[in-house]
Structures are given as C-alpha cells and as structure tokens.
1. From the mean inverse distance of alpha carbon pairs (Kirkwood) and the Cα radius of gyration, derive Rg over Rh for the range 212-274.
2. Full extension from residue 66 to residue 30: what is 0.36 nm times the residue separation minus their Cα-Cα distance, to one decimal in nm?
3. I need to check one value: relative contact order of the chain, counting alpha carbon pairs closer than 8 Å and at least 6 residues apart, in percent.
4. Once you've got the GNM for the chain with C-alpha springs shorter than 10 Å, pick whichever of 68, 222, 237 has the biggest mean-square fluctuation.
5. How would 114, 272 line up from fewest to most surrounding beta-carbon atoms within 10 angstrom?
6. Which of 244, 132 has the fewest other C-beta atoms within 10 Å, and how do the rest follow up to the most?
7. Mind sorting 119, 255 by how few other Cβ atoms lie within 10 Å of their own Cβ, fewest first?
8. With the alpha-carbon atoms as the only input, what is the per residue convex hull volume for the range 170-252 in Å³?
C-alpha cells in the first residue's frame, strides 16, 4: 500500500498562449516542497522533473493526464533523487531527456542512491529510470514554442539543466532557486551567487523553482542574500547544529527546515553525494 501524504499545491498560470502548471508537494517540516512543472502548449505537454515520493509522483501523473493532452516528453533537471525518484514510479512510458552527465550518474550510481534511501519504504521507487534522450544546450521549437536549453555547472548541483522560454519571459530554474524554502547548500555557493546575479539582470519575469511556488525577481534576490549570509556564517566557523540554528533565526519565514539534515552531512562532513 502506498502511503497517504498531505495534498499537493497546484498553481496554473497562462503566459501568452501557453499555460504553466506547477505541482508542489507539501510544505510540512519533514518534506521539502518539491516543485515539478507542466508546460501546456496547444497540442501537447512537456514536463519538468518527476517528484520525489511515489505518492506525489502518481498524483502528478494523474494531474498531467487530466489536462487531456498527450505528454510529449519529460526533462530531468539533475541527478538529485528528489527530482528523479518519481520518474520510475509514474513516467516510465514517457521519453525522458537529461544531460549526459545526469544519465551517466544514473547508470553508475542511481541504484546506490536508491538503496541509500531504503528507510523510505514504499515512498521510494523500485527501479532507477535511465533517460534515453540526451538534452543538449541550444534551441528547439516544440509545438510552436521556442525553448532554450542550457547546462549550468557548480551551483546547487554539479550539472543542472535549465529551460528558458524567452518569448514568454519564463525561466525554469529548478534548483537554482528555492522559493520560500530553505536552500540546499553546497561548497559552490560563491559561483551559485554569480549565476543568480546573471538571472537577476536577465529579461525573464517568471522563474519556476525546483522547490516552492513560482517566483519573481525578488525571490532571486532573496536567494542571493541567503547564500551570502550562509557563506559568511560558515566562514565564521559555524557548523552543523550551530549553523542550522543561526540560519533558522535569520530566516524564520522560510519553510522546510528538514533540508538542513539532508545537506549538512555533505557540507560539513564526508557523506556521499547522493
């Protein structure tokens, strides 16, 4: 039996002739508000990421099917399991596109990552999805909509696929932005800030995050501030629970504090990068 979880949040917004659907898992303390997206054009759907927990992945698929248009493809933004676990559970019949580095990780270490989450029980998938299609930087017209793909390195993850729709002013940033939630911090915070600064100066108005609700430029600026303060705290020697306590005091309004317990063993220790 698949576990019951709080209902997701679904936000739909039309920009020009395209409707964007954002499906967000719950903001409870023990969850991390995974956000996955549907780009609904005239004749088909393009999806971004597949949720983390199996129940949410199944609900995301159910919602996508309810729109009544065929799913053309799904893009996997990066290798963190909260973005690909749900693909095996709910989207194994859909073509999956990902960066070459992400595909290689799933082939080499995907099963180890899945096994590393054995305590999740039936919230985790039974298999590892291996994307068959390589996503490359460049432009493509899909159902009359211009997409611009790019590969961003050394931010929240080593390799991240971003998807921009420049004619609509929409930028699908996934884990470059955490909207209203605490961030998953890495050793690459300085470069991450530089990337966000470039986004802040861009012509995009709507930013779709990998965690939390759709964002605007204010949230991009807020992420820059958060990373700057976190870097300063770590530079002053704050680690583990002391670091967590400081950041929670600085940002009491941000949700999903459980993410500290996920990344701190990697940021301050030698835990595996799964």
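Laboratory data are not the source of any read-out in this text; all were calculated from the coordinates shown. Because the structure is a prediction, the values reported are computed rather than measured. Cβ sites come from the backbone with ideal geometry, for glycine too, and all protein chains shown count toward neighbours.
1. On the way: Rg = 12.6 Å, Rh = 12.8 Å.
Using only Cα positions, Rg/Rh for the range 212-274 is 0.98.
2. On the way: separation 36, 0.36 × 36 = 12.96 nm, distance 2.85 nm.
That works out to 10.1 nm of additional length.
3. Numbers: 546 pairs, mean separation 44.5, N = 274.
Reported as a whole number, the value is 16 percent.
4. Among 68, 222, 237, the largest GNM mean-square fluctuation belongs to 237.
5. Values: 114 21, 272 10.
Listing 114, 272 from fewest to most nearby Cβ atoms yields 272, 114.
6. So the ranking, lowest neighbour count to highest, is 132, 244.
7. Working: 119 7, 255 21.
Ordered by Cβ neighbours within 10 Å, fewest first: 119, 255.
8. Numbers: hull volume 6.7 nm³, N = 83.
Value for the range 170-252: 81 Å³ per residue.
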